[in-house]
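Report on one structure; see the data block that follows.
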Amino acid sequence: MKDNLAPLKKFIKFVRDTWIILGIAALMLTVIEAGFSLGFYIRSVWHSPYVDDRIKADTYTDTSWVAPYYHESEQMGKMRWEPYVYWRRKPYRGNYVNVNSDGIRTTANATESDGANPAMKVFMFGGSTMWGAGAKDDSTIPSIFAKEVSNGEASCDVVNFGVEAYVSTQEVIALMLQLQRGNIPDVIIFYDGVNDASGAFQLGVPGLPHNEFNRVKEFSLLERKEIRTLAVQAAANELSTVRFFKRLFMRLGLQRESPFFNPLEYEKPILDRAALVRATVETYLSNVALVQVLSRSYGFKCLFYWQPMIYQKQHLTEYEQHKAAEFEKKFPGLKGFYLETYAFLKQRTVNLKGDFHDISSIFSDVHEPLYVDQFHLGEKGNSLIAKRMVEDFAHLVRVNK
């Protein structure tokens with residue numbers, strides 16, 4: 001009888017020992033997780049909360065609004081889904097940034113049309129530089145443009161269609177959607193350059209939106225079996241223990257941050273750098289040609305601007321030098337790709353007349369501080385850009401009277 005019960009007793013002992021070991025392990029993990037969580041909490045209280053270092057930009061003369069502005073920028077949160085173009089800003093109301101229900105940022109100084117004096121309708125497209133990152137509502141390029149036009153005794157209703165990270169292809173699609181709805185402007189202004197170049201460098205394919213590899217991962221995700229695995233992975237990554245060891249491994253050089261540059265699974269990248277530069281410029285110029293065809297069909301006029309960036313400014317302040325160096329360290333090779341793309345664009349458009357303007361060197365002789373980072377400008381820089389656009393706009397209006 002004892003011999004018959006021996007296996008059962010061994011099994012019961014095994015289960016009991018296993019249960020004790022698992023219980024102790026679970027308790028230890030809970031204590032460790034609680035300890036790291038407490039550590040992160042104390043650190044967050046002890047240390048000052050994250051502050052965007054762009055508040056130190058020397059282009060800001062009146063700094064009273066700068067820290068609250070960047071706090072508002074953090075509060076705006078993530079983008080919302082937008083058909084065909086992927087993303088647009090969610091509605092937001094603040095002291096310095098306001099976005100309406102259509103995801104359009106407020107343009108100060110815009111003049112609404114009336115029956116006696118109809119205002120010219122102007123659409124302005126671009127990325128975050130047109131949207132106005134680093135600037136209050138009344139200091140964006142569209143707002144300053146509207147103010148300068150009104151100072152010239154003209155009437156102008158300006159709509160800021162700029163969206164962070166948009167490439168020119170997205171902007172053309174956004175324009176087409178407006179035209180489909182019967183929302184036809186008198187003049188359209190495009191302001192591009194850095195996003196088209198960085199998007200091509202990131203993916204090895206010109207003309208595609210930034211982070212297109214995320215769209216590949218997300219496609220039909222709800223229908224795929226691995227969604228549960230991804231959910232568990234996401235939950236695990238939120239654990240304080242995981243966060244601690246990730247940071248430790250990164251400091252020790254055993255792990256790197258997720259790469260900015262990532263090829264697409266089903267799109268063949270252009271591996272030759274010079275070929276990618278050429279393809280980037282040709283894709284952009286194809287978008288210019290498409291808008292020109294639309295302008296003839298719908299009866300609006302258009303202006304295109306290839307924008308400046310910090311590397312074209314010959315006289316950098318100490319802050320601007322820091323920002324330029326910081327960017328080069330974070331994204332090795334991207335500065336060189338920018339410069340090659342800009343050089344080829346200049347060569348390719350040397351005989352291009354009319355509505356295209358390469359203003360990438362507009363700040364080359366400027367000594368005063370303009371940039372808040374590698375691409376975005378404060379009010380001084382936005383003002384110089386807007387005033388240049390107003391000159392071309394005024395000429396366009398005079399010629400077509």
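The values are calculated or read from the model by the stated rules, or taken from the named source; none is laboratory data. Please read all numbers here as calculations on a predicted model, not as lab measurements. A quick note on method: Cβ atoms are made from the backbone with ideal geometry, for glycine too, and the neighbour counts reach across all protein chains shown.
Counted as qualifying within region 192-243 are the helices (runs of 4 or more DSSP H) with 3 or more residues that are assigned by TED's automatic domain parsing to the domain that holds Val288, namely 194-203.
Checking each residue in region 213-231 for being hydroxyl-bearing (Ser, Thr, Tyr) and either at pLDDT 85 or above or more than 22 Å from Pro263 (Cα to Cα) (or both) picks out only Thr229.
The residues of region 155-191 that are more than 16 Å from the chain's Cα centre (by Cα) and part of a loop (DSSP other than H, G, I, E, B), listed by number, are Ser155, Arg181, Gly182, Asn183, Ile184, Pro185, Asp186.
If you check Ala274, Ala236, Ala289 for being exposed (fewer than 11 other Cβ atoms within 10 Å of the Cβ), in contact with an Asp or Glu (Cβ under 8 Å, 6 or more places away or on another chain) and not aromatic (Phe, Trp, Tyr), only one passes: Ala274. Taking Ala34 as meeting all but one of (1) in contact with a Gly (Cβ under 8 Å, 6 or more places away or on another chain); (2) within 30 Å of Leu239 (Cα to Cα); (3) surrounded by fewer than 16 Cβ atoms within 10 Å (Cβ to Cβ), write down the number of the exception. Only one criterion is unmet by Ala34, namely (1). Within region 92-112, residues that are within 17 Å of Val149 (Cα to Cα) sit with their Cβ atoms under 6 Å from residues that are at pLDDT below 95 and assigned to a loop (DSSP other than H, G, I, E, B), at 6+ positions apart or across chains, in these pairs: Thr111/Ala119; Thr111/Ser155. Of all residues in region 323-362, those that are under 20 Å from the mean Cα position of the chain (by Cα) and basic (Lys, Arg) total 4. At least 3 residues being within 30 Å of Phe244 (Cα to Cα) and modelled with pLDDT under 95 is the threshold, and among the helices (runs of 4 or more DSSP H) wholly inside region 255-373 those reaching it are 318-330.
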